[in-house]
Amino acid sequence: MPGFFSRNTLLLTLILLGGTALRLYHLDTYSIFFDEKSTLVISQGMVLDGSDQKEIYLAPTFTPKEFWSDKTLADYYNAMARSDIGNSSFYYLLLHFWMEIFGLSDFSARLFSVVFSVLIIGATYLFGRRFFTENTGLVAAALVAIEPFFIAYSHQARNYSLTFFLTLLATSYFLRIIENKRDSRSTIYLYAGYILTAGLGLLSHFLTITVLLAHAIYALFYLRTLSGWIKMGVSAVLALSGVTWWMLFAGGRWTLSNLQDQADLYRSVAEKQATDAFGVILPATLKNVFFKSLPIFSDLIIFTNGLTDALEGKKNVLFAITIGILLIIWYRTRKYLKLPELLTQAIPYLLLIPGFIFYSNHKFQFSILSVSILALSFLYDLHVKATEKQKPRLWLLYMMSLIPTLFLILMAFKNGHTYGIMQRYSGFSFPYVIILVALILQYYTRLPATLRTLLFLFLSIQLYFVGERLHEFYQDRSVKYGYFATPRPANPFHAAAKKITEEYQAGDTILYPAKPNLILTENDRNFSNYRMRDAQLTNLYLPKNADYIQKVDTTERDRIIIKRNNQALEIINLKGLRAGDD
């Protein structure tokens, strides 16, 4: 038992508790947005806007009991195919049964993501400890616990937390397989674990393929036995078999055509350089791709998180980069400078002073950029001084850090638009970048005291700004992490359902608004020219066996009303409350 109460166990426990608290804070304060609306209806075997239930919505009236009629397996396939291009089947399967146990609510749906986000903290610790050191695991776990990206996506009822967890496990199994020199039956569970986690990862998000691509490239360099290649080849086929079956015979049958339709639509928008419901979509020129991908790379690293969004002015940026380069030159040549020791150690501080005079805005953050350039340059020293056993592991971290985003860049040029270059699509890289950062932070402890103080001082200042970004996220004012600059209200559909349950009387009729249906592609064509979304989402929160009389009023755009005799009781006016879905 003494080991159970060790210092490291206590630290890990505190990290896990802190990470959990950060993820639970304000978990269901703000309403679900479009993607989460899709998640909730798909998990119940329904197509967003109700094309699979047209006999209900087109009937003179319908009830919650009819809305909640039993669903077949084909209904679930259809829901995933039409509402999420056939993606994330494993996630929806787990979420469905999760909500059967814990109930259908915003908190419950998002809590599912929280669970896997916390598991990522633990998995990162285990990865760092197994392949590097105990301290590496602890530092990396602490960084994952406070990483805004992971906190933000734990607040979404979407597949990302589950997928990142599965791919981190798959990478751990993969590396253990590569490093296992014994050809014994005891390694079978490693292959089984890899097949399971990689296969389920693909069924959680198709872009898991970028992780498997990185594994394949790494294997080209470090898998050197014929038997190893045969086993990994068989494992890859088995891992891909699930998603292959899904796309050929189940809910993914239309995935490729849907993706092509999306690519054509986004390319058309990009050619017009327009801003529409999807945000800014630009043609995939070198300039556009560079500026779209730059924050994707920089935000992976806590040293530079948010700097591309905050820093303004080309002259300021060039000056900060120049200072950073001079700091590197000072460090590399300091032993050859024939200056008093005190002056030599003061040079990095002296180099930073002019910036506070020169920079026209965000003086501390420009200085953080300069120091970050110096700080990240020690990755070279870390690699050079690594043992022969550690260097291949570092190469895997480099590949996992870069390949997911490079894949997005390649696809941007292929498809002709920049829409797909998003942090969430390359979020697989975060655990590996964080482990690299944990290794670098430990390396700093070997540096001279004055330099070590400089690095940790500016990292502490950067952590303050990271905290500010988290504060913005918790206020729902973070376009970067929460997609909204203006805070969303609490879920209006849940509020409407609660009021309906309280107010409804026998003989009443509930009238739901309906907005015109937006047709973007052939796959968006519905049974009606009007969206049934308001009625659908409200019914998610109504008692499943209720006999409330309901109908859709296509002449009304925003108000949910209870019609009682000749009177109309307004339940809620949804105008401006639909979380970007108006």
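Miscellaneous remarks
- Residue in the stretch 561-574 that is among the charged types (D, E, K, R) and touching a residue at least 60 places away in the same chain (Cβ under 8 Å) present: no
- One residue stands out among those in the stretch 542-580 that are surrounded by 12 or more Cβ atoms within 10 Å (Cβ to Cβ) and of a type in the set (Val, Ile, Thr): the one that is farthest from HIS494 (Cα to Cα), which is THR554.
- Among the conditions (1) surrounded by 18 or more Cβ atoms within 10 Å (Cβ to Cβ); (2) under 35 Å from the mean Cα position of the chain (by Cα), LYS314 misses just one, which is (1).
- Matching residues in the stretch 497-514 - criterion: being within 15 Å of ILE549 (Cα to Cα) and in contact with a Ser or Thr (Cβ under 8 Å, 6 or more places away or on another chain): ALA497, ILE500, THR509, TYR512
- Residues of the stretch 420-460 satisfying the condition of being among the polar types (S, T, N, Q) and either in contact (Cβ under 8 Å) with a residue 60 or more places away in the chain or in a helix (DSSP H, G or I) (or both): GLN423, SER426, SER429, GLN442, THR450, THR453, SER460
- Tabulated pairs, the stretch 221-250, first farther than 16 Å from ALA81 by Cβ and without any contact (Cβ under 8 Å) to a residue 40 or more places away in the chain, second assigned to a helix (DSSP H, G or I) and open to solvent by 30 Å² or more (accessible area, probe 1.4 Å), C-beta under 6 angstrom, 6+ apart or interchain: none
- Some residue of the stretch 32-40 being without any contact (Cβ under 8 Å) to a residue 24 or more places away in the chain and either out of contact with any strand residue (DSSP E or B) (no Cβ under 6 Å at 6 or more places or on another chain) or under 17 Å from ASN159 (Cα atoms) (or both): no
- Filtered residues of the stretch 389-419 (kept if among the aliphatic types (A, V, I, L, M), open to solvent by less than 20 Å² (accessible area, probe 1.4 Å) and farther than 12 Å from PRO283 by Cα): LEU394, LEU396, LEU397, MET400, LEU408
- For the stretch 39-52, taking the residues that are polar (S, T, N, Q) and buried (at least 23 other Cβ atoms within 10 Å of the Cβ), the one that is farthest from LEU95 (Cα to Cα) is identified as THR39.
- In this structure, PHE366 does not qualify as assigned to a helix (DSSP H, G or I) and either surrounded by fewer than 20 Cβ atoms within 10 Å (Cβ to Cβ) or at positive phi (or both).
- In the stretch 494-523, residue modelled with the lowest pLDDT [restricted to those that are assigned to a loop (DSSP other than H, G, I, E, B), in contact with a strand residue (DSSP E or B) (Cβ under 8 Å, 6 or more places away or on another chain) and open to solvent by 20 Å² or more (accessible area, probe 1.4 Å)]: ASN517
- Check on MET400, at pLDDT 95 or above, in a helix (DSSP H, G or I) and within 27 Å of PHE465 (Cβ to Cβ): yes
- Looking only at residues in the stretch 151-174 that are aliphatic (A, V, I, L, M) and outside any loop (DSSP other than H, G, I, E, B), the one that is farthest from ALA21 (Cα to Cα) is ALA170.
- Every residue from the stretch 324-344 that is outside any helix (DSSP H, G or I) and open to solvent by 80 Å² or more (accessible area, probe 1.4 Å): LYS338, PRO340
- Residue among PHE356, PHE378, PHE364 that is closer than 19 Å to GLY128 by Cβ and hydrophobic (A, V, I, L, M, F, W, C): PHE378
- Among residues of the stretch 420-432 being open to solvent by 10 Å² or more (accessible area, probe 1.4 Å) and not aromatic (Phe, Trp, Tyr), the one that is farthest from ARG158 (Cα to Cα) is GLY420.
- Condition check for ILE461: of a type in the set (Val, Ile, Thr), over 29 Å from LEU104 (Cα atoms) and touching a helix residue (DSSP H, G or I) at 6+ places or on another chain (Cβ under 9 Å): yes
- The residues of the stretch 60-73 that are under 20 Å from PRO513 (Cβ atoms) and either touching a Ser or Thr at 6+ places or on another chain (Cβ under 8 Å) or open to solvent by 30 Å² or more (accessible area, probe 1.4 Å) (or both), listed by number, are PRO60, THR61, GLU66.
- Test for GLU66: is it within 23 Å of ARG488 (Cα to Cα) and acidic (Asp, Glu): no
- Every listed requirement among (1) more than 27 Å from ILE296 (Cβ to Cβ); (2) of a type in the set (S, T, N, Q); (3) buried (at least 21 other Cβ atoms within 10 Å of the Cβ) is met by THR225 save one, (3).
The values are calculated or read from the model by the stated rules, or taken from the named source; none is laboratory data. Fair warning: this is a prediction, and the values are worked out from it, not measured in the lab. Don't worry about glycine lacking a Cβ; one is built from the backbone with ideal geometry, like all the others, and counts go over all protein chains shown. These accessible areas exclude ligands, DNA and RNA; they are computed on the full protein's heavy atoms, side chains included. Shrake-Rupley method; radii C 1.70, N 1.55, O 1.52, S 1.80 Å.
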